[in-house]
Amino acid sequence: LINVEDGFQLWSDRYDGMLENVFEVQDDIAANVVSSLKGVFTLEEKEKIKHIETSKEAYEYFLKGKEHLNNLDFNGARLIFEKAIELDPNYAPAYTGLTKSFCWLYEWSGSKEEDLQQADLNSIKALKLAPNLSESHSSRGHVLALSKKYEEAEKEFEEAIKLNPNSFDAYYPYARSCFARGQIEKSVELFKKASEVQRDDFQSLSLCAQSLRILNRNDDALNVATETVLRARRQLDLEPKNVRALSLIPLGLDEIGKKEEAFEWVEKGLELYPNDQGMLTNAACLYAKNNLKEKALDLLETIWDKGYGYKDWIKNDPDYDSLRDEPRFKK
């Protein structure tokens, strides 16, 4: 453990153990790091960092499920979290991952009631198994927000943040739920917090810029959009097949006035990923913002005819404003 200001070594140690004891080793390391930084490490703090134990096989499936979630492969994530639960039916983090998978499927893939019902059941199971786990509350909050039980959702998100003030999984869906219910000012605050606790995330910044634009805080929106493009490009350098990064770069470039470059990026994205929902949606948003209504509507019809789209979000998204009087858009 190094002090970055002067390069002084604060603490070091070596840990040997069997793979079966991976959670114990992780907890020991975390405890010693905190003790060396703070000097005092309370029992309550020790409980907060303690991992919920499971088999190494179930844990590996859990980690792979999280990777699929990060890559927006929600159905793939669902299948992998279900495998983790098969191996350990009492492993609460797997239920939180499964809840998130169903929540994002509901939000991105046509708002199917069965997805929301499954999210509800799994979030209740996670809370029952691990009531002191931040992710149990954030996943429950996500379900309640999608069910339009916003006040109950807010309580769950706030409890998740209380348990873990650095939880991206709490701030990001909380921010999205505020946007969906029209609480734009609060969504800015939460999207910013999400981007601070996860410094490589570009999605929260992109949506923060959008909220700032709605509030006519255009200078702030410009600064945030600039950072969005930097982060998304950095992510694309590390992971060239990151479609989400590719789909959001054009919107950021458009926001900062680089329209020609934005259209070059969007055409490249549509050529590479002509069937990706996120790519099509963000391309449609770019066209709509630049008054290319027919091109935007063509793409939106392709997406929405498949049942995709989240109505509460669309109602508040300013990218669609040029289309709202169009009969095709209304239909």
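The values are calculated or read from the model by the stated rules, or taken from the named source; none is laboratory data. Just so we're clear, the structure is a prediction, and the values are computed from it rather than from any experiment. Quick reminder, even Gly has a Cβ in these numbers, built from the backbone with ideal geometry, and neighbours come from all protein chains shown. Areas reflect the complete protein model, heavy atoms only, side chains present, ligands, DNA and RNA absent. Shrake-Rupley method; radii C 1.70, N 1.55, O 1.52, S 1.80 Å.
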Checklist outcome for this item: The ³J(HN,Hα) series, computed from each phi in segment 290-299 with the Karplus coefficients 6.51, -1.76 and 1.60 at θ = phi - 60°, rounded to the nearest Hz and given as x for glycine or proline, is 9, 6, 8, 5, 5, 5, 5, 5, 4, 5
Checklist entry - Per the 1.4 Å probe, what fraction of the accessible area of segment 193-302, in percent, lies on carbon and sulfur atoms? => result 48 percent
Checklist entry - What residues have an amide H closer than 5 Å to that of G110, excluding those fewer than 5 places away on the same chain, when H is modeled at 1.01 Å from N in the peptide plane? => result G309
Checklist entry - Excluding K295 itself, what net charge comes from residues whose Cβ is under 13 Å from its Cβ, given Lys and Arg +1 and Asp and Glu -1? => result -2
Checklist outcome for this item: For E20, the net charge from surrounding residues (Cβ-Cβ under 11 Å; K, R +1; D, E -1) works out to -2
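What order, most packed first, do the peptides 126-132, 255-261 have when packing is the mean number of other Cβ atoms within 10 Å of each residue?
Those peptides, ordered most packed to least, come out 126-132, 255-261.
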Checklist entry - Helix 134-146 sits at what angle to the longest principal axis of the chain, using alpha carbons and giving 0 to 90 degrees rounded to 10? => result 30 degrees
Item to check | Label-point separation in nm, R234 to N71, each point 7 Å along Cα→Cβ | outcome: 2.2 nm
Next on the checklist: Compute the angle between helix 184-197 and the longest alpha-carbon principal axis of the chain, please, reported from 0 to 90 degrees and rounded to the nearest 10.
Outcome noted: 50 degrees
Next on the checklist: Let me check I've understood the local charge: for L190, count other residues with C-beta under 12 angstrom from its C-beta, Lys and Arg +1, Asp and Glu -1. What total comes out?
Outcome noted: -1
Checklist entry - Pulled fully out, how much extra length does the chain show between K38 and K306, if you take 0.36 nm times their separation in residues and subtract their Cα-Cα distance? => result 91.1 nm
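Answer rounded, prolate or oblate for segment 231-313, using the Cα gyration tensor with square roots of eigenvalues a ≥ b ≥ c: rounded when a/c is under 1.5, else prolate when a/b is larger than b/c, else oblate.
Numbers: a/c = 1.83, a/b = 1.30, b/c = 1.40.
Taking the square roots of the gyration eigenvalues as a ≥ b ≥ c, segment 231-313 is oblate.
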Next on the checklist: So with the 1.4 Å probe, I'd like the accessible area per residue for the chain, rounded to whole Å².
Outcome noted: 52 Å²
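Using a 1.4 angstrom probe with every protein chain in place, what is the largest-first accessible-area order of L286, L1?
The most accessible residue leads, giving L1, L286.
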